[in-house]
Amino acid sequence: MQRLSLTFEAVDNADQVNRLTTALMTLPGVESAEVGRHGAEVEGSVSREALIAAVEELGIKVY
């Protein structure tokens, strides 16, 4: 199992944090996701590219 970090901006409220958490947790291979306003820590057997795609699908840019 690996731990991946993502950094992003423009997450202004709890609803967006919840949407991000749901989007990441529903990806195959994700075991856990800790999401905050400025980033996320994800554990599991998922690619960084899949995580980025899930976040950017919500209109949030990953750095």
Q.
Just to verify a result, which residue in the range 29-38, among those that are farther than 17 Å from Gly59 by Cβ and in contact with a strand residue (DSSP E or B) (Cβ under 9 Å, 6 or more places away or on another chain), is surrounded by the most Cβ atoms within 10 Å (Cβ to Cβ)?
A. Ala33
Q.
Please count how many residues of the range 16-51 are closer than 12 Å to Leu4 by Cβ and out of contact with any Phe, Trp or Tyr (no Cβ under 9 Å at 6 or more places or on another chain).
A. 19
Q. Which residue pairs have Cβ atoms closer than 8 Å, lie 6 or more positions apart in sequence or on different chains, and pair a first residue in the range 3-25 that is free of Cβ contacts under 8 Å to residues at least 60 places away in the same chain and surrounded by 13 or more Cβ atoms within 10 Å (Cβ to Cβ) with a second residue that is in a loop (DSSP other than H, G, I, E, B) and of a type in the set (Ser, Thr, Tyr)?
A. Phe8/Tyr63
Q. Just wondering, is there one or more residues in the range 39-51 that are surrounded by fewer than 15 Cβ atoms within 10 Å (Cβ to Cβ) and either within 9 Å of the chain's Cα centre (by Cα) or in contact (Cβ under 8 Å) with a residue 60 or more places away in the chain (or both)?
A. yes
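No lab work stands behind these numbers, since they all come straight from the coordinates. Not measured: the values here are computed from a predicted model. FYI the Cβ positions are ideal-geometry reconstructions off the backbone, even for glycines, and counts take in every protein chain you see.
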